[in-house]
Structures are given as structure tokens and as C-alpha cells.
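Participant: Here it is, the structure, as C-alpha cells.
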Amino acid sequence: MNRPSSAPVLHWPLPCPLPGAVLAGCHFDPARHSPDEFLRQGIAAPANIQRSVAKRQAEFLAGRVCARTALQALGIPDWVAAVGEDRAPVWPAGICGAITHGAGWAGAVVARTSAWRGLGLDMEHLLEPQRAWRLHGEILTADERRRMARHPAEQVSLIVTLTFSLKESLFKALYPLVLKRFYFEHAEIVEWHEDGRARLRLLSDLSAQWTTGAEFEGQFCVADGRLLSLVWVT
């Protein structure tokens, strides 16, 4: 019988390998998900996931299976990332990481905190151009909108999706360090390049260490209508 999801594969679809970081990804089909799949995978579903629709259950399971596979590559067997009170994944001591899922694909990236202090991973389906135009004012700062105006109109979908995704990745990388929520207006993309490199800057103070003007490196790739982004904290 075909499984609702493929087995996770260790790979690095992004343009530049990050030393010490491991990424696992898999495809999954929410329409073929069964609650029994949790038992087959040896993963317990939290109460809120048990009450959720099949799509949410499939996403959660695929993400946790990927995280377990990535951790195994670091020599940590059989760890299933629980859900913290803040809904963020709970990693083993000395590990940082992030999980993302959507549009039939899930992925997880992990590393030891001796290599990186924080990792953020996010996958988004490329926005349709009309939706990108509708949402760009909510996602982009005024400076980002001015920079977007310099690009051809056909790049609006990519720019808005990229900005959304990189800021989501930045949040996932920084939140465990600052334990403070922040939003689209609290960071900006300073620059991005066709080869997948990007740089972000904080526009607000989040802690004594992470203040306005702090910059972070990121990278991204686009394939099959999906955009995958990664941000790391050194």
C-alpha cells in the first residue's frame, strides 16, 4: 500500500551548504492521510493535532518525521520534537532547528548550537501576482516597497513571497533566543540576489543583544512553484 508521504531524504536544496547544519525533506499527500499513520511512525499526536483536520495532521506528522531524520544524522536517535507552550518545536539540549511544511512538502533543519545559535526555515507557495499586489503593503516596509518598485512588475510575486518567507525564517531563528514575538514591520530585507543570497536587518530592539540595525544572512531557492528560505544566527 502506498504511504501518505515519502520517506524523508537528507539533502540541501538551497544554494550554499551551511557547515554543521542538516536538512531533511519529504513529500506528503494530505488527502491520503490516516490517523493510524501516527502509530505507524511511532509519533504521538498532541491533543490539538488530534482534533484538527486531516491536512493539519499530515503537515504536523511530515514535519516531525523530517525533524527526527535530521536529528538522527547528528547522532541523536529517536527524538520527536514536542510542541512547547509557545507552539515552537522543543529540541534536545544543545540543538537548534526549525520545521516547515505546506503545499505537499515538509522539511526540517537542525544543527548543534556550537555551530549556529539559531536556524529558521520556511517554505511558501509562490503567491499569485494579484494576491501579491494585495498583500505587499502588509508584508513590506516602506523602504522595501520603494526597492520593489525598481524591479520589473513580473517579479512582484517573487519579491513579496520572498519577503514573507525570509521574515518568517528570521522569526524562527531568533524567537528562541529573544522569547519575544515580532512581526513583518520589525525587520526588512536589505538586499537579495538572483543566486539565492539575502541579507536582513532588524528595525526594532528585541533584546539587549539583538537590537535595531542587527543584520542576518539568509538564502533561498525556488522550485516547482515553492520558495524555500533559510536564515541563521551565528
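Participant: Pick from the range 207-231 the residues that are more than 19 Å from L140 (Cα to Cα) and touching a Ser or Thr at 6+ places or on another chain (Cβ under 9 Å): which of them is surrounded by the fewest Cβ atoms within 10 Å (Cβ to Cβ)? Before the answer, list the steps.
Facilitator: Applying the first criterion (more than 19 Å from L140 (Cα to Cα)) to the range 207-231 yields 207-211, 221-226.
Those still in the list that are touching a Ser or Thr at 6+ places or on another chain (Cβ under 9 Å) too: 211, 221-222.
Numbers: T211: 11, C221: 16, V222: 14.
Among residues in the range 207-231 that are more than 19 Å from L140 (Cα to Cα) and touching a Ser or Thr at 6+ places or on another chain (Cβ under 9 Å), the one surrounded by the fewest Cβ atoms within 10 Å (Cβ to Cβ) is T211.
Participant: Here is a follow-up. Only one of D122, D195 is in contact (Cβ under 8 Å) with a residue 60 or more places away in the chain, outside any helix (DSSP H, G or I), outside the structural domain of C16 (by TED's automatic domain parsing) and under 21 Å from C96 (Cβ atoms); which?
Facilitator: Working: D195 fails: under 21 Å from C96 (Cβ atoms).
None of the others qualify; the one that does is D122.
Participant: Check the range 140-148 and report whether any residue there is polar (S, T, N, Q), in contact with a helix residue (DSSP H, G or I) (Cβ under 9 Å, 6 or more places away or on another chain) and not assigned by TED's automatic domain parsing to the domain that holds C96. Please lay out each step first, then the result.
Facilitator: Step one: list which residues in the range 140-148 are polar (S, T, N, Q), which gives 141.
From the residues that got through so far, the ones that are in contact with a helix residue (DSSP H, G or I) (Cβ under 9 Å, 6 or more places away or on another chain) too are 141.
Now restrict to residues that are not assigned by TED's automatic domain parsing to the domain that holds C96: 141.
Taking every residue of the range 140-148 in turn, at least one turns out to be polar (S, T, N, Q), in contact with a helix residue (DSSP H, G or I) (Cβ under 9 Å, 6 or more places away or on another chain) and not assigned by TED's automatic domain parsing to the domain that holds C96.
Participant: Continuing with this model, one more query. In the range 103-141, how many residues are over 12 Å from A21 (Cα atoms) and more than 16 Å from the chain's Cα centre (by Cα)?
Facilitator: Residues of the range 103-141 over 12 Å from A21 (Cα atoms): 103-107, 122-141.
This time we only want the ones that are more than 16 Å from the chain's Cα centre (by Cα), so: 127-141.
Adding up the residues that qualify gives 15.
Participant: Now for a different question. Tell me the residue from F182, F220, F171 that is modelled with pLDDT of 95 or more, within 30 Å of P92 (Cβ to Cβ), aromatic (F, W, Y) and assigned to a strand (DSSP E or B), please.
Facilitator: Details: F182 fails: assigned to a strand (DSSP E or B); F171 fails: assigned to a strand (DSSP E or B).
The conditions single out F220.
Participant: Here's a follow-up. Answer yes or no as to whether E59 is more than 18 Å from L121 (Cβ to Cβ), surrounded by 15 or more Cβ atoms within 10 Å (Cβ to Cβ) and either outside the structural domain of H101 (by TED's automatic domain parsing) or of a type in the set (D, E) (or both).
Facilitator: Details: more than 18 Å from L121 (Cβ to Cβ): no; surrounded by 15 or more Cβ atoms within 10 Å (Cβ to Cβ): yes; either outside the structural domain of H101 (by TED's automatic domain parsing) or of a type in the set (D, E) (or both): yes.
Criteria not met by E59.
Participant: (1) more than 17 Å from the chain's Cα centre (by Cα); (2) under 23 Å from R87 (Cα atoms); (3) not small (G, A, S): which one isn't true of E194, the others all being true?
Facilitator: Unmet for E194, out of (1) more than 17 Å from the chain's Cα centre (by Cα); (2) under 23 Å from R87 (Cα atoms); (3) not small (G, A, S): (2).
Participant: Taking the residues in the range 77-97 that are in contact with a strand residue (DSSP E or B) (Cβ under 7 Å, 6 or more places away or on another chain) and in a loop (DSSP other than H, G, I, E, B) as candidates, determine which candidate is surrounded by the most Cβ atoms within 10 Å (Cβ to Cβ).
Facilitator: The qualifying residue surrounded by the most Cβ atoms within 10 Å (Cβ to Cβ) is A81.
The values are calculated or read from the model by the stated rules, or taken from the named source; none is laboratory data. The structure presented is a predicted model; accordingly, all values stated were derived computationally and were not measured. Here Cβ is always computed from backbone atoms with ideal geometry, including for glycine, and neighbour counts include all displayed protein chains.
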